[in-house]
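The values are calculated or read from the model by the stated rules, or taken from the named source; none is laboratory data. Here the structure is a predicted model, which means the values were calculated and not measured. Note that we place each Cβ from the backbone using ideal geometry, even for glycine, and neighbour counts take in every protein chain shown. Just the protein is used for accessible areas: all its heavy atoms, side chains included, with ligands, DNA and RNA removed. Shrake-Rupley method; radii C 1.70, N 1.55, O 1.52, S 1.80 Å.
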Amino acid sequence: MSNLQVKNLEPEIHDLLRQRVADEGVTISEYVLELIRRDLRRPSRREWLDTVTRLPRHDFSRDDVSGAVEAGRGRR
């Protein structure tokens, strides 16, 4: 297995991290590994932008959208 070192971590961030892992009942390593795994399951910004640019275009006006939102809110 490889190791990863994080340098120049502000004391305030380290304190918050220590509190978070204590609350979660895990080690800093376990917590950070889970964050990395979660992030890597998501598309990168480039992949996301590529997907968004391939979405079909629409010709809804801002008024059409806000009207639909308001109508939806009225149905609750």
| message | I'd like the full set of residues that are part of a helix (DSSP H, G or I) and among the small types (G, A, S), limited to the range 39-76. | response | S66, G67, A68, A71, G72, G74
| query | Cβ-Cβ below 8 Å, separation at least six or inter-chain, first residue in the range 50-66 and surrounded by 10 or more Cβ atoms within 10 Å (Cβ to Cβ), second of a type outside the set (G, A, S): which pairs? | reply | T51/P43
| remark: Out of (1) modelled with pLDDT of 95 or more; (2) open to solvent by less than 100 Å² (accessible area, probe 1.4 Å), the one R45 does not meet is (2)
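Just to be sure before I move on: is S29 surrounded by 10 or more Cβ atoms within 10 Å (Cβ to Cβ), more than 22 Å from the chain's Cα centre (by Cα), in a helix (DSSP H, G or I) and not hydrophobic (A, V, I, L, M, F, W, C) in the structure I sent?
No: the conditions fail for S29.
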